[in-house]
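For reference, the structure is listed below as structure tokens.
Here, each number is a calculation from the coordinates, and none is a lab measurement. Treat the numbers as computed from the prediction; the structure is a model and nothing was measured. When we count neighbours, we look across all protein chains shown, and the Cβ atoms used for this are built from the backbone with ideal geometry, even at glycine.
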Amino acid sequence: MNTPTLSRPVDRREFLKLTGLAGGGLALAFYIRSGPAAQAAATSEFAPNAFIRIAPSGAVTIVSKQPEMGQGVKTSLPMIIAEQLEVPWQGITIEQGDFDQQKFGNQSAGGSTSTPNNYDNFHLLGATVRTMLVEAAAQTWGVPASECRAENAAVIHRSGKSLKYGQLVAKASTLPVPDKAAVTLKAPKDYKLLGKRIPQVDTKAIVTGAPLFGIDVKLPGMLYAVYEKCPAFGGKVVSANLDQIKTLPGVKDAFILEGSGKVKELVPGVAIVADSTWAAFSARRQLKVTWDEGKVAGESWDTFVAEARQKAAQPGGRSLRKDGNPDAALAGAAKVVQAEYLYPFISHANLEPQNTTARWKDGVMEVWSPTQVPGAGASMVSRVLKIPENKIVLHITRAGGGFGRRISADFLVEAAAIAQKVNAPVKLTWSREDDLKHDHYRPGGIHFLKGGVDAKGKVVAWKNHFFTFGEGGSPGSGGNLSGDEFPGRWIPNFQSEQTMFETGWPMGPWRAPGSCVFAWVFHSFIDELAHAGGRDPLELRLELLGDKDMMPNSGGGTKGGAAGGYNVARMRNVLKFAAEKFGWGKKKYAKGQGAGLAFHFSHRGYIAQVAEVTVSKDGQLKVDRFVSACDIGAQVVNLSGAENQVEGSVVDGLGTLLTQELNIERGRVTQSNFTDYPLIRITEAPIKIETYFLKTDNPTTGLGEPALPPVAPAICNAIFAATGKRVRQMPLSRTDLRWA
């Protein structure tokens, strides 16, 4: 990308002011030619910031800085700029920006943050450049800028004369960037692009098989690598038959890497480098390694579950919240419900396995990687391989799925470590077995719940002893339950405790960390209490939420937080909206059919969902209809992208519920491929998915995660309504749904 240079020296304070880095927000990156001394040739592009370039021909290029992994930000974020810039979408070129925090600011993609972190600033970016082009036209004509308007990549004077943007680039390049106060944003009522259905910019490349993903990278003279790690987490290499491996066809080298000493960084292993992927994979099948499996090899999932059940009635290792007197309230309750909810460790199972290409040359490490957090990857390479960060060049490729897995950078540092020892570019490719056995997993958990309702069916008490997993005294990602998690603060007699099992199993964020399982547990148990009290599940939930508009200081455990706390009014409204769109309570069901609902707040999104299911007498489930109601703020950026994210969340949530589980025995995952870790098939997907958006006067947020957590409880609650069978264990394949 061509970046304009400053026409004069800029000190550090001014640089930070210009780029926005001083405030820790998105870098506006106004690397401008400012002042009368700056000259722009007629053949030069107008590039007033790091995101927008306009050529004399009128061609517009917008750079997308966030990693794209199917969530659609490579399309939706440039749409914001294009809207304010007043350029038609057709004909715009979208480029993926390389990793450069000085130029672009934060470039991570995770936690549904890409949209909220960039939304306002990208509006300002586009509007600022439009303002400069209008000013350039006004000066060219010698008229006030107030008499001009921008439209369809041109500036039009009220007299009717016009100049296309390409004709204005030379003049605009000489202008200073206007102050924010001088820039007027388009009003939402005038939007021509935002809120429309726009296809993803990479769709054609994807369907035609054009090279786009990390696994597609090819460099001249490139070699291909595989990396064998101990099947037990944390194990080390004792010895390997390297001499034999080096004699195999196509093999160029084989060597041991000692690792960094951390399970989620560079794990010890054996690298094989060959002249093709096939040669490397073939040689690996003849690799014989003696491992020191370490202490983790003594740990198994079944052992931890048995221990949790043994300790369930004991006080938890840590009190998360205690309000009122839960024991006394339970003793006086009209009905008490007690339940164990259990969910396993699971994998991210990205369809594109982990991969990275790296080249070590002249003291510079150049990397091509499908990473979600390039900054973390560059820092890890620097720390582990002792390379200055300014000697690391990182190209962000499209990722074939992320879901939190590519927030970790272990595969990236593995490729860089191998490349550092090889005099050629090296592409590291994980096998599907690698991906399942060396993932950073969503941690499993066991909840022991007890709740009580009074004679009117009102929830009066709630107790939860939660067993989770972690290392170094801290729960793994997604295993850190907050005492503020709903229904904490809403029930007068409430107790939440947590006991953590210390383990060396690698854990990492999995789509909607924590929320993805807590919503299932808590909204399933709320449903149990509703039925125990003879209450309509919708009515009880609205009663639980209460009549306050805000629950101050709450929402901290819901990944994304909420300004001022949990907005109860938004959740009430979206719950009513979902019930209205579904037609809750208006249909009578025969045995084997039923409807269930759930809601959840996470990652700044308020989502309510209703499922309608049929369960055959032999226990076969079909989701007939699934309705999602979403409050993600004032503006849906790309309607087709937003619908895609919600519908994808529904399918992903159902697939996870149906069959996905990993068993860990002797510190290792026993599953190896999709044969024993099946993903959802198209015949298992819901027959009809409906998605609705409730626009509210709140900041716009992302959709990669908040629509997933309520999926499982809505479906399980519908199953209970249909069959009387309560699902308390994931996956659903563990529950016999047959009914008479």
Counting only the backbone N, which residues of segment 525-544 are under 15 Å from the spot 7 Å out from the Cα of residue 335 toward its beta-carbon?
-> 525-541
Can you give me the pair-distance distribution of segment 495-634, C-alpha pairs, 5 Å bins, whole percents?
-> 2, 8, 15, 20, 20, 14, 10, 7, 3, 1, 0
Scale the Cα Rg of segment 339-424 by the rule-of-thumb value 2.2 N^0.38 Å and send over the ratio, two decimals.
-> 1.26
Amide H contacts of residue 58 (H built 1.01 Å from N, under 5 Å, at least 5 apart or other chain) | 166
Distribution of pairwise C-alpha distances over segment 178-268, 10 Å bins, in % | 11, 20, 20, 17, 13, 13, 6, 0
Charge sum, other residues only, whose C-beta stays under 9 Å from residue 533's C-beta, Lys/Arg counted +1 and Asp/Glu -1 = +3
Amide N of segment 490-530 lying under 15 Å from the label point, which is placed 7 angstrom from the Cα of residue 454 along Cα→Cβ = 491-494
With 0.36 nm assigned to each residue of separation and the Cα-Cα distance removed, residue 620 to residue 589 gains 9.4 nm
Under the Karplus relation with 6.51, -1.76 and 1.60 and θ = phi - 60°, whole-Hz ³J(HN,Hα) for segment 368-375, x at Gly and Pro, equal 10, 8, x, 9, 7, 10, x, x
Please list the equivalent ellipsoid semi-axes of segment 628-676, computed as the square roots of five times the alpha-carbon gyration tensor eigenvalues, in descending order and whole angstrom.
-> 35, 11, 10
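Can you pull out the trypsin sites (Lys or Arg not before Pro) in segment 645-725 whose DSSP state is coil and whose Cβ has at most 12 other Cβ atoms within 10 Å? The partial results should precede the final answer.
On the way: sites: 666, 668, 681, 688, 695, 725; in loops: 666, 681, 688, 695, 725.
In loop regions of segment 645-725 (DSSP not H, G, I, E or B), the sparsely surrounded trypsin sites (Lys or Arg not before Pro) are 681, 688.
Give me 52, 272 ranked fewest to most by other Cβ atoms within 10 Å of their Cβ, as a rough exposure proxy.
Details: 52 24, 272 29.
Least to most surrounded, the residues fall as 52, 272.
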Order of 207, 263, 381 under a 10 Å beta carbon neighbour criterion, fewest first = 207, 263, 381
Report the extension gain between residue 290 and residue 319 in nm, rounded to one decimal, defined as 0.36 nm multiplied by the number of residues separating them, less their alpha carbon distance.
-> 6.1 nm
What is the Cα centroid distance between segment 677-698 and segment 42-89, reported in whole angstrom?
-> 31
Between residue 683 and residue 729, what FRET efficiency follows from the Cβ-Cβ distance if R0 is 30 Å, with the result rounded to 0.05?
-> 0.80
Where Lys and Arg each count +1 and Asp and Glu each count -1, what net charge lies around residue 608 among other residues with Cβ under 13 Å from its Cβ?
-> +2
Counting only the backbone N, which residues of segment 101-126 are under 18 Å from the spot 7 Å out from the Cα of residue 180 toward its beta-carbon?
-> 104-106, 116-126
State the answer as a single residue: which of 590, 607, 627 lies farthest towards the positive end of the charge dipole of segment 566-631, with beta carbon charges of +1 for Lys and Arg and -1 for Asp and Glu, about the Cα centre.
-> 590
Please give the length that would be gained between residue 351 and residue 393 if that part of the chain were fully extended, namely 0.36 nm times their separation in residues minus their C-alpha to C-alpha distance (nm, one decimal).
-> 12.5 nm
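Where Rh denotes the Kirkwood radius from the mean inverse Cα pair distance, what is Rg over Rh for segment 139-228?
1.21
Fewest Cβ neighbours within 10 Å first, please rank 108, 496, 733 accordingly.
Ascending number of Cβ neighbours within 10 Å: 733, 108, 496.
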Which of 735, 402, 159, positive extreme of dipole for the chain (C-beta unit charges) = 159
Net charge, residue 359 excluded, C-beta distance under 14 Å - Lys, Arg +1, Asp, Glu -1 | +3
As straight-line cross-link partners of residue 295, the qualifying aspartates and glutamates (C-alpha separation under 20 Å, not fewer than 8 residues apart within one chain) are 228, 258, 265, 307, 439, 471, 502, 665
The alpha-carbon center of segment 195-244 and that of segment 284-361 are separated, in whole Å, by 29
Kindly provide the Kirkwood hydrodynamic radius of the chain in Å, to one decimal, from all pairs of distinct alpha carbon atoms.
-> 27.9
Each label sits 7 Å from Cα toward the beta-carbon; between residue 307 and residue 102 the label points are separated, in nm, by 5.0
Taking a cut-off of 24 Å between Cα atoms, list the lysines near residue 695, but don't count ones fewer than 8 places away on the same chain.
-> 74, 186, 189, 192, 196, 548, 559, 576, 581
In nm, the gap between the two label points placed 7 Å beyond Cα toward Cβ at residue 158 and residue 536 is 5.7
